[in-house]
Amino acid sequence: MKNWFNQLNPRERYTLIIGAITLSLILSYFMLLEPIIKARAQLEIMVTAQHNTLRWMNTAAAEIQQLRGQSTAKHVQTRKQSLFSLIDKSTRQGVLAKANKRIEPKGDRAVRINFEKVSFTELMRWLGRLHNQHQVQVSSIHLEPKAIPDQVKVRLTLNF
């Protein structure tokens, strides 16, 4: 290879050297610099998106705090009513009124409820309403599916 290179006239050697240097610069750019530049651009886009998400979250957090402040009066009013009477009253309304159930107080801040057969969908809606309107939480739940679709046997404990 060296003999072949030395046999070339000086002009051809010079052109070959310049071509090799140019080729190595082009390969260096496309193999090293371009991926770094593209990765940086993608990271800038991600950072911008995350800043937008953070701004949205801060706005949403402020709105949540404001709504919590507005619902304090409702929350205090609910707490004056006993959990047992609240649960008893809410289960006597709607679809759950027909369900075979047993409600027992478990202290003054908890209630144990047993449903022999109830619609799972209606149960979840009822629990959602209790949580959203009265801040009642499920502390334990045990579900057993029945042979009929969407029907379950339920043992659950609710508390403030």
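The values are calculated or read from the model by the stated rules, or taken from the named source; none is laboratory data. All of these numbers come straight from a predicted model, not from anything done at the bench. Neighbour counts run over all protein chains shown; Cβ positions are idealised from the backbone, glycine included. Surface areas here come from the heavy atoms of the whole protein model, side chains and all, with no ligands, DNA or RNA. Shrake-Rupley method; radii C 1.70, N 1.55, O 1.52, S 1.80 Å.
Would you please give the FRET efficiency between Ile18 and Arg55, computed as 1/(1 + (r/R0)^6) with r the Cβ-Cβ distance and R0 = 45 Å, to the nearest 0.05? Calculated transfer efficiency: 0.30.
A simple spin-label model places the labels of Lys98 and Leu67 3.3 nm from each other, with each point 7 Å out along Cα-to-Cβ. In this Cβ point-charge picture (+1 for Lys and Arg, -1 for Asp and Glu), the chain has a dipole of about 680 debye about its Cα centre.
Using R0 = 45 Å, the C-beta based FRET efficiency linking Ser85 and Gln42 works out to 0.15. Peptides 135-145, 44-54, ordered by how many other C-beta atoms sit within 10 Å of their residues on average, highest first, read 135-145, 44-54. A 1.4 Å probe run over the range 7-51, with the rest of the protein chains in place, finds 91 Å² accessible per residue. The value given for the range 2-160 is a Kirkwood hydrodynamic radius of 22.3 Å, derived from the mean inverse Cα-Cα separation. Considering helices alone, the calculated mean residue ellipticity of the chain at 222 nm is -19500 deg cm²/dmol, with DSSP H runs of length four and up weighted by -39500 (n - 2.57) and normalised per residue. A crude spin-label estimate for the pair Val138 and Asp150, with each label 7 Å from Cα along the Cβ direction, gives 1.7 nm. Loop-located trypsin sites (Lys or Arg not before Pro) across the range 79-160 with a Cβ neighbour count of 11 or fewer within 10 Å are Arg92, with loop assigned by DSSP.
Nonpolar atom fraction for the chain, defined as the carbon and sulfur part of the 1.4 Å probe accessible area, stands at 59 percent.
Pull out the extension gain between Asn114 and Met31, defined as 0.36 nm times the separation in residues minus the alpha carbon to alpha carbon distance; nm, one decimal.
Gain on stretching Asn114 to Met31: 23.1 nm.
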